[in-house]
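For reference, the structure discussed in these notes is given below.
The values are calculated or read from the model by the stated rules, or taken from the named source; none is laboratory data. Remember, it's a predicted structure, so these values are computed and weren't measured experimentally. Cβ coordinates were reconstructed from backbone atoms using ideal geometry, including for glycine residues, and neighbour counts include every protein chain displayed. Protein only, heavy atoms only, side chains kept; ligands, DNA and RNA dropped before computing areas. Shrake-Rupley method; radii C 1.70, N 1.55, O 1.52, S 1.80 Å.
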Amino acid sequence: MTSQDELKCLAARKAVEYVQENEYLGIGTGSTVKFFIEALAESGLRIKGAVSTSVQTSELMKKCGIHEVALNEVNGLPLYVDGADEVNHLLQMIKGGGGALLNEKIVASASKQFICIADESKYVSRLGHVPLPVEVTPNARSLVARRLLKLGGDPNLRLGFTTDHGNLILDVNNLNLNEPIKMENAINNLPGVVDNGLFTNRPADLLILGCADGVKVLTAQS
Ligand code: 5RP
């Protein structure tokens, strides 16, 4: 395991302490989440089931004996656990490195508490060092790319990748994210955009950060 994986694992294991027995749970996507699923299975906690955000997560859950339920079968979720590509002091995030941003945003929105788990390299003073993933319908790929250029971005099609919903991803560099809520809304207002990886209207409630000097549990700092 790399040292970054060890920090991801540290955060993931801590997050299991927040899982309530006899409740449903939402589970995100990615390598940090993989550690969470494994730690949850090892814990022996008995949950009613979990809503998955991707085929990848569903397969892992199945392998680990975690029962999957559809979001439509539950009346909201008490807790959602997911990783991030970047997270700031307000617990706003850029997500979607794994391409599961649409389901992640839906499940986050359905959840009372959102816990973000990450290694310390993901904690940034300003969002925007990683490209912003924008999910688009295939027929609007070029139209949306031109509109993103007008917004100041530099879009690149994620090659050889289709989302679980059959859409494409444009990874956008150089956007000015000084006002990330405005940017999240502006991009989502472009016809052909399904969603984008800015999680600012619904930030995380708690950040569990795996750090070289131990695990830190942070709330939003104003
Ligand atoms: C997937 C995501 C992931 O949470 C994000 O990419 C972080 O992944 P990892 O835990 O592998 O670093 O948003 O769409």
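How large is the charge dipole for the chain, taken about the Cα centre, if only the Cβ atoms of Lys, Arg (+1) and Asp, Glu (-1) carry charge, to the nearest 20 debye? Can you show the working numbers first?
Numbers: 21 positive and 25 negative charges, 101 e Å.
That gives the chain a dipole magnitude of about 480 debye.
Accessible area of MET1, 1.4 Å probe, to the nearest 10 Å²?
Looks like 140 Å² after rounding.
For the stretch 6-94, what is one quarter of the convex hull surface built on the Cα atoms, given in nm²? Present the calculation step by step, with values, prior to reporting the outcome.
Details: hull surface 23.8 nm².
Mean projected area of the Cα convex hull: 6.0 nm².
Report the trypsin sites (Lys or Arg not before Pro) located in the stretch 24-91 that are in a DSSP loop and have at most 11 other Cβ atoms inside 10 Å of their Cβ, or state none. Working shown, then result.
Numbers: sites: LYS34, ARG46, LYS48, LYS62, LYS63; in loops: ARG46, LYS48.
Those that pass, being in a loop and sparsely packed, are ARG46.
Keeping all protein chains in place and using 1.4 angstrom, which order do CYS116, CYS64 fall into by accessible surface area, from largest down?
Values: CYS116 0, CYS64 40 Å².
Result of the area sort, largest leading: CYS64, CYS116.
How large is the helix-only mean residue ellipticity at 222 nm for the chain, computed as the sum of -39500 (n - 2.57) over DSSP H runs with n ≥ 4, divided by its residue count, in deg cm²/dmol to the nearest 500? Please list the in-between numbers first.
Details: 6 runs with 63 residues, N = 222.
So the helix-based figure for the chain works out to -8500 deg cm²/dmol.
Under a 1.4 Å probe, what is the accessible area of the stretch 93-222 per residue, stated in Å²?
Working: 6010 Å² over 130 residues.
Accessible area per residue: 46 Å².
What is the sum of charges, Lys and Arg at +1 and Asp and Glu at -1, for the other residues whose Cβ falls under 11 Å from the Cβ of VAL193? If you can, show how the numbers build up before the last one.
Details: positive: ARG141, ARG147; negative: GLU135, GLU184, ASP195.
Counting the neighbours of VAL193, the net charge comes to -1.
What's the center-to-center distance, using Cα atoms, between the stretch 107-169 and the stretch 12-52 in Å?
The stretch 107-169 and the stretch 12-52 have Cα centres spaced 25 Å from each other.
With springs connecting C-alpha atoms under 10 Å apart, model the chain as a Gaussian network and identify which of VAL51, VAL81, VAL69 has the largest mean-square fluctuation.
In this elastic network of the chain, the residue with the biggest mean-square fluctuation among VAL51, VAL81, VAL69 is VAL69.
Which whole-Hz couplings ³J(HN,Hα) result when phi for each residue of the stretch 108-117 is put into the Karplus expression 6.51 cos²θ - 1.76 cosθ + 1.60, θ = phi - 60°, listed in order with x for Gly and Pro?
So the J values, rounded to whole Hz, are 4, 5, 7, 10, 5, 10, 10, 9, 8, 10.
If you place +1 on the Cβ of every Lys and Arg, -1 on the Cβ of every Asp and Glu, and leave all else neutral, what size is the dipole of the stretch 44-126 about its Cα centre, to the nearest 20 Debye? Kindly include the intermediate steps, with their values, before the conclusion.
Working: 9 positive and 9 negative charges, 43 e Å.
So the magnitude is around 200 debye.
Which ³J(HN,Hα) values in Hz, rounded to whole numbers, follow from the phi angles of the stretch 63-75 under the Karplus curve 6.51 cos²θ - 1.76 cosθ + 1.60, where θ = phi - 60° and Gly and Pro get x?
4, 9, x, 9, 5, 9, 10, 7, 4, 5, 8, 10, 9
On the principal axes of its Cα set, how long, how wide and how thick is the stretch 137-222? Give whole Å, largest value first.
46, 28, 20
Counting pairs of alpha carbon atoms under 8 Å apart in space and at least six apart in sequence, what relative contact order in percent does the chain give? Walk me through the numbers on the way to the answer.
Numbers: 490 pairs, mean separation 51.3, N = 222.
Reported relative contact order: 23 percent.
What percentages make up the Cα-Cα pair-distance distribution of the stretch 19-60 when the bins are 10 Å wide from 0?
Reading the bins upward from 0: 30, 60, 10.
Please report the projected area of the chain's Cα convex hull averaged over all directions, in nm².
Numbers: hull surface 47.7 nm².
Average projection, Cα convex hull of the chain: 11.9 nm².
Just in the stretch 1-109: which GluC sites (Glu not before Pro) are loop by DSSP and have at most 13 other Cβ atoms within 10 Å? Write out the running numbers ahead of the final one.
Details: sites: GLU6, GLU17, GLU21, GLU23, GLU38, GLU42, GLU59, GLU68, GLU73, GLU86, GLU104; in loops: GLU21, GLU23.
Listed in order of number, the matching sites are GLU21.
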